[in-house]
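Engineer: Got a structure here, written out as structure tokens. Questions coming.
The values are calculated or read from the model by the stated rules, or taken from the named source; none is laboratory data. As the structure is a prediction and not an experimental result, all values here were calculated from the model. Backbone-built Cβ (ideal geometry, glycine too); neighbour counts: all protein chains shown. These area figures cover heavy atoms from the full protein model, side chains too; ligands, DNA and RNA do not enter into them. Shrake-Rupley method; radii C 1.70, N 1.55, O 1.52, S 1.80 Å.
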Amino acid sequence: MIYKIRFVNPGKNYQMIKDELDAVYFEVMSNGDLIDRGHLKRFEENLAAFVGTKYAVGLNSGYDALHLSLRAAGIGPGDEVIVPSHTFVASASAIINAGAKPVLVDVGADFNIDCGKVEQFLELETRNSRLKVKAIMPVHLNGYIADMAGVMQIARRYNLVVVEDACQSLGAKMDGKKAGSWGLTGCWSFYPFKILGGYGDGGAITTDDPKVALYATRMRYNGEDRNTGDYHGHGFTCLLDNLQAAFLDVKLRHLPKWIERRREIAQQYREGLLDLADLILPHYGDPRRDHVYQNYVVRSKQGDFFSDYLQSNGVEVLIQFRKPYYKHEALKVENRGFPETEALSREVCSLPMNVEITNEEVGYVISVIRSFYGK
Ligand SMILES: Cc1ncc(COP(=O)(O)O)c(C=O)c1O
């Protein structure tokens, strides 16, 4: 289907910064700087500075960042890790593939982990003398930071490692402190359609802990210390390519103004849709937290009728997710009952949100939605 309004438009985004991207491409290619070179190092320094941590380690994906973070923290067989019931499956897969068990906890109206329900679960497990939870993985979904002040308080009380799945929220803050700088690690994805997207897979860990940074730096390279040639364990092949790092570094410079643009678009959606009673918009009004709008996810009581109507009127939308991951039998994760996740899964619809879109195009999306509701 040819859409009138694309969900994202990477070709147009390339045209916006073509000269800068082409310049680093020719630089990297003509120097043959492909693996573990200066562009990677510079990108890591700039990413760490942006997030507000001492270190950043470039990896092949957000999944690798989560997986290596858990291993770095010594999480493994016999351990449980709390993770939201509404997230991308990679959050839970990283826990399983580290040998631990994901324990799902429901989210709140902001799509992020509900600290009250986390506490309830931990209290119950403690009372029954069966507490095996060693870590918590809050996910900052859609560009909105989870209640990290609350998560950190719980983590201190129960002595839990905090691994932030920040893959969707580069630049989001709570109390002025950025996502990815609260826990032991912040985990990033540079999948092409992320707020900072590469031209293939990419990811990173941010951390203040030198041991974790060193562990990830070795394990991304099959356990090898590149300076000495010694192996420090059986690792993985998951280094961020120097060429991707060079592209990401260019885009990172544009990120602050791109986040502002996303906020402008969100405001335009808000003004155009606020009066529609069957639609819940992602504006949560918490003065301590801000939103970078990786995704502009509305909830429509009309579910698929709503999203199908948008698609058939030329507006490309994304549905994440109609079927929660715990309902996929092959994944074998425990479904303890998650009413908020169930409710929002029936209703979610991500509207086009990207820095390529024009105000007129956003206006068209608004007009299609209003016509669906007979306005
Ligand atoms: C919330 C969340 N966690 C983890 C990931 C995994 O990142 P990647 O696709 O780079 O492995 C993603 C991105 O797709 C994500 O959105």
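Engineer: Give just the number: which of (1) farther than 23 Å from Glu45 by Cβ; (2) under 19 Å from the mean Cα position of the chain (by Cα); (3) in contact (Cβ under 8 Å) with a residue 24 or more places away in the chain does Arg336 not satisfy?
Structural biologist: Of everything listed in (1) farther than 23 Å from Glu45 by Cβ; (2) under 19 Å from the mean Cα position of the chain (by Cα); (3) in contact (Cβ under 8 Å) with a residue 24 or more places away in the chain, Arg336 misses just condition (2).
Engineer: What single numbered condition from (1) within 18 Å of the chain's Cα centre (by Cα); (2) open to solvent by 10 Å² or more (accessible area, probe 1.4 Å); (3) of a type in the set (A, V, I, L, M) fails to hold for Met353?
Structural biologist: Status for Met353: all satisfied but (2).
Engineer: Which members of region 176-194 meet the condition of being surrounded by fewer than 22 Cβ atoms within 10 Å (Cβ to Cβ) and without any contact (Cβ under 8 Å) to a residue 60 or more places away in the chain?
Structural biologist: Gly176
Engineer: Follow-up question, since we're still on this one. Has region 79-94 got at least one residue that is over 17 Å from the mean Cα position of the chain (by Cα), within 25 Å of Tyr158 (Cβ to Cβ) and within 16 Å of the ligand (Cβ to nearest atom)?
Structural biologist: Yes.
Engineer: Another question, then. Suppose the filter is aliphatic (A, V, I, L, M), closer than 23 Å to His234 by Cβ and within 16 Å of the ligand (Cβ to nearest atom); does Ala216 pass it?
Structural biologist: yes
Engineer: Being open to solvent by 40 Å² or more (accessible area, probe 1.4 Å), touching a strand residue (DSSP E or B) at 6+ places or on another chain (Cβ under 8 Å) and more than 24 Å from Thr341 (Cα to Cα): is that true of Tyr55 here?
Structural biologist: yes
Engineer: Another question, then. Checking the condition hydrophobic (A, V, I, L, M, F, W, C), under 24 Å from Thr341 (Cα atoms) and either touching a Gly at 6+ places or on another chain (Cβ under 9 Å) or at pLDDT 95 or above (or both), which residue from Phe111, Phe190 passes?
Structural biologist: None of the other options fit; the residue is Phe111.
Engineer: Of all the residues that make up region 40-50, how many are within 19 Å of the chain's Cα centre (by Cα) and within 13 Å of Ala213 (Cβ to Cβ)?
Structural biologist: 3
Engineer: Please go through (1) within 16 Å of the ligand (Cβ to nearest atom); (2) at negative phi for Gly200 and return the number of the only condition it doesn't satisfy.
Structural biologist: (2)
Engineer: In region 62-78, which residue that is small (Gly, Ala, Ser) and open to solvent by 20 Å² or more (accessible area, probe 1.4 Å) is farthest from the ligand (Cβ to nearest atom)?
Structural biologist: Once the filter is applied, the top-ranked residue is Gly78.
Engineer: Go through region 198-317 and tell me which helices (runs of 4 or more DSSP H), entirely inside it, have 3 or more residues that are of a type in the set (Phe, Trp, Tyr).
Structural biologist: Helices (runs of 4 or more DSSP H) meeting the threshold: 242-273, 303-312.
Engineer: Would you point out which residue out of Asp308, Asp304 is more than 21 Å from the chain's Cα centre (by Cα) and without any contact (Cβ under 8 Å) to a residue 12 or more places away in the chain?
Structural biologist: Answer to the check: Asp308.
Engineer: Say whether the condition of being touching a Cys at 6+ places or on another chain (Cβ under 9 Å) and buried (at least 18 other Cβ atoms within 10 Å of the Cβ) is met by at least one residue in region 221-242.
Structural biologist: Yes, region 221-242 contains at least one residue that is touching a Cys at 6+ places or on another chain (Cβ under 9 Å) and buried (at least 18 other Cβ atoms within 10 Å of the Cβ).
Engineer: Consider Arg336 against the criteria (1) within 27 Å of Leu196 (Cβ to Cβ); (2) in contact with a helix residue (DSSP H, G or I) (Cβ under 9 Å, 6 or more places away or on another chain); (3) open to solvent by 50 Å² or more (accessible area, probe 1.4 Å); (4) outside any helix (DSSP H, G or I): it satisfies all of them except one. Which criterion is unmet?
Structural biologist: If we test Arg336 against (1) within 27 Å of Leu196 (Cβ to Cβ); (2) in contact with a helix residue (DSSP H, G or I) (Cβ under 9 Å, 6 or more places away or on another chain); (3) open to solvent by 50 Å² or more (accessible area, probe 1.4 Å); (4) outside any helix (DSSP H, G or I), just (1) comes out false.
Engineer: Which members of region 195-209 meet the condition of being under 22 Å from Asn242 (Cα atoms) and either basic (Lys, Arg) or open to solvent by 50 Å² or more (accessible area, probe 1.4 Å) (or both)?
Structural biologist: Tyr199, Asp201
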